[in-house]
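Novice: I'd like to ask you about the structure that follows.
The values are calculated or read from the model by the stated rules, or taken from the named source; none is laboratory data. Being a predicted model, the structure only gives us computed values, none of them experimental. Cβ sites come from the backbone with ideal geometry, for glycine too, and all protein chains shown count toward neighbours.
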Amino acid sequence: MAWDRPLRFGMFTAPVHSHGRNPTLYLEQDLQLVEHVEQLGFDEAWIGEHHSGGTEIIGSPEVFIAAAAQRTRRIRLGTGVVSLPYHHPYHVADRLVLLDHLSRGRVMLGVGPGALPSDAYMMGIDPTQTRPRMEEALEAVVALLTSEEPVSRKTEWFEMVDARLNLRPHQWPHPEIAIATTVSPNGARNAGRFGAGMLSLSASSPSGLATLEEQWQIWSDEAEAHGQVADRDRWRVVAPVHLAPTRDQAIAEIQYGIEAWIDYFTSVVRLPDAPDTKDSRVYTDWLIESGTAAIGTPADCIELIGRMHTHTGGFGCFLVMAHDWASPEATRHSFELMAAEVFPAFQGSADWPKRSHDWAHARSDDFLERQMLAGRQARERHEREVEARRTKRPDEGPDR
C-alpha cells in the first residue's frame, strides 16, 4: 500500500460510557487510556464535549486535557470538539492558549456546532442557528490568535470590544485548528475558509465513506478561494475498532458493552445508515458487513483503513473511536494489537527489519558454511599450537 508519508494514529474519545455506572471510575479509566496509548506510540488523543444523554460525560474537554497533560509527556491532545455556539469565543481562545502553555505546545483545537440537539435545547439555542454561530465564533477565535491589533466584534449573541489575549500561544503561530465534519458540506467549507484541518466523524459508514471524496473537493475549492491550503496531512478520519487474535474472539469480547452502545446510538444519537434495531447480533453484523467498524483481527483493521484511504485519496491520521464495547483489559489489548500489527502496515516501521531478515535468510546456507569453516580453522590452529608446544625441546626455553 503506497503512502506519501507515515500515517499517524490517535484516539477519539467522546467518551461513550454506559449510564448507570460509576462516572468517577469511568473518567479515571479515560485518563488511564490516554496514558496507555501514549506508551504504545499513538500520536494524538481527542476529547469531546457533551452536556446531556448521560453517556458522553465529559462536559469540558479543556479540563480533561489539563489533567491528561500532567500525566503524559509526548502525545498531542485535542478538543474533539469544543461546541463553539455554547461559549463566548474570547473564553475559547483564552482557555486554548493557557492549555497550550501548560501542555508545552501539545494542544489542538477541534471545533464544531454541537452534536446533540438536547445540549442546545437546554441552553436555549435554536439548533438551526448553531452552524452560523459556529462560523461567527471561529472567525473571532482565529482573529484573537493571529491579530496584532485589538479585536472587536458584535453579533446577536456575543460582543468583544478591543479584545486581546494576555498571552500569545506557545505554538507558532498558534495551535492547529480542526473542524468536525460528517456528511454535511459545512465542515469542509469552513476548513477551507479558515485554513483549518478536517476531523471526519462517521467517516467509515456507507454514507460517510461516500462523501469523503466530496469533502476533500469542497475543502480544496474553499481553501483556494480564500487564499488557504488544504493539506491532507491535517485530515483526520474516525472509525470504531475492536481487535483480538481472531474475529470470533473480538465478537465475543464486545458482548461486554455493545448493547449499551447500541441503545445510545439508536435512542439518543442516530448513526447514518444504521439498522433500526437493538438486536446486538444484527447490529454487530451490520457494523462488520457495512465496513462501519473493524471488529476482528488486525488484518480487518488494515483493510478498513486501506478502503478509507482509497475513498479519500489520502489522509494524515486515523483515529480510533474509543468505546466500552469490551472490558477495560480487552480494550487495552485491542489498542496494543493496533500498535503492534496495524501501525507497521502504514508507517513502514517493520519494512527494514523484514528486509534485513530476508537478506540474511536468503544467504543463511552460505553464511553457515563460512561460519563452520571458520570454526574448523580455529580448531585446527589451536591443535597445531598445542602440538607444537608438546614437541618443543626442553632446552629451547620458554616462548618469547
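Novice: So how many residues does the range 127-150 have that are hydroxyl-bearing (S, T, Y) and either surrounded by 17 or more Cβ atoms within 10 Å (Cβ to Cβ) or under 17 Å from R189 (Cα atoms) (or both)?
Specialist: 1
Novice: Hey, another quick one. Going by the structure shown, is A360 part of a helix (DSSP H, G or I) and either assigned by TED's automatic domain parsing to the domain that holds A260 or out of contact with any Lys or Arg (no Cβ under 8 Å at 6 or more places or on another chain) (or both)?
Specialist: yes
Novice: Would you mind telling me which numbered condition in (1) closer than 18 Å to V237 by Cβ; (2) surrounded by 17 or more Cβ atoms within 10 Å (Cβ to Cβ) I57 fails?
Specialist: (1)
Novice: Another question, then. Six or more apart or on different chains, Cβ under 9 Å: which pairs go from a residue in the range 337-348 that's on the phi > 0 side of the Ramachandran plot and of a type outside the set (A, V, I, L, M, F, W, C) to one that's surrounded by fewer than 17 Cβ atoms within 10 Å (Cβ to Cβ) and at pLDDT below 95? Could you list them?
Specialist: Qualifying pairs under 9 Å: G348/W3; G348/P6.
Novice: Taking only the range 61-91 into account, find how many residues are surrounded by fewer than 18 Cβ atoms within 10 Å (Cβ to Cβ) and within 19 Å of the chain's Cα centre (by Cα).
Specialist: The number of residues fulfilling the criteria is 5.
Novice: Which residue out of R332, R281, R307, R270 is assigned to a loop (DSSP other than H, G, I, E, B) and assigned by TED's automatic domain parsing to the domain that holds T181?
Specialist: R270
Novice: Another question about this same structure. I'd like the full set of residues that are within 20 Å of the chain's Cα centre (by Cα) and either under 24 Å from L287 (Cα atoms) or of a type in the set (S, T, Y) (or both), limited to the range 161-197.
Specialist: Within the range 161-197, A180, T181, T182, V183 qualify.
Novice: Can you say whether W325 is over 15 Å from the mean Cα position of the chain (by Cα) and surrounded by fewer than 10 Cβ atoms within 10 Å (Cβ to Cβ), as far as the supplied structure shows?
Specialist: no
Novice: Within the range 92-106, is even one residue surrounded by fewer than 20 Cβ atoms within 10 Å (Cβ to Cβ) and among the charged types (D, E, K, R)?
Specialist: Yes, some residue in the range 92-106 is surrounded by fewer than 20 Cβ atoms within 10 Å (Cβ to Cβ) and among the charged types (D, E, K, R).
Novice: Can you tell me which residue among W216, W235, W286, W261 is in contact (Cβ under 8 Å) with a residue 40 or more places away in the chain and farther than 30 Å from L145 by Cβ?
Specialist: Of W216, W235, W286, W261, the one residue that is in contact (Cβ under 8 Å) with a residue 40 or more places away in the chain and farther than 30 Å from L145 by Cβ is W261.
Novice: Here's something else I'd like to know. Return the residues of the range 137-152 that are of a type outside the set (A, V, I, L, M) and in contact (Cβ under 8 Å) with a residue 24 or more places away in the chain; say none if nothing qualifies.
Specialist: Passing the criteria: E139, T146.
Novice: Let me ask something else. Do you know which residues across the range 36-69 are in contact (Cβ under 8 Å) with a residue 24 or more places away in the chain, part of a helix (DSSP H, G or I), over 17 Å from H323 (Cα atoms) and not hydrophobic (A, V, I, L, M, F, W, C)?
Specialist: Of everything in the range 36-69, those that are in contact (Cβ under 8 Å) with a residue 24 or more places away in the chain, part of a helix (DSSP H, G or I), over 17 Å from H323 (Cα atoms) and not hydrophobic (A, V, I, L, M, F, W, C) turn out to be E38, E62.
Novice: Let me ask something additional. Report yes if some residue within the range 336-357 is small (G, A, S), in a loop (DSSP other than H, G, I, E, B) and in contact with a strand residue (DSSP E or B) (Cβ under 8 Å, 6 or more places away or on another chain); otherwise report no.
Specialist: no
Novice: Hey, another quick one. With the structure loaded, tell me whether L243 is out of contact with any helix residue (DSSP H, G or I) (no Cβ under 9 Å at 6 or more places or on another chain), in the same structural domain as H17 (by TED's automatic domain parsing) and crowded, with 20+ Cβ neighbours inside 10 Å or whether it fails that test.
Specialist: Spelling it out, it is not the case that L243 is out of contact with any helix residue (DSSP H, G or I) (no Cβ under 9 Å at 6 or more places or on another chain), in the same structural domain as H17 (by TED's automatic domain parsing) and crowded, with 20+ Cβ neighbours inside 10 Å.
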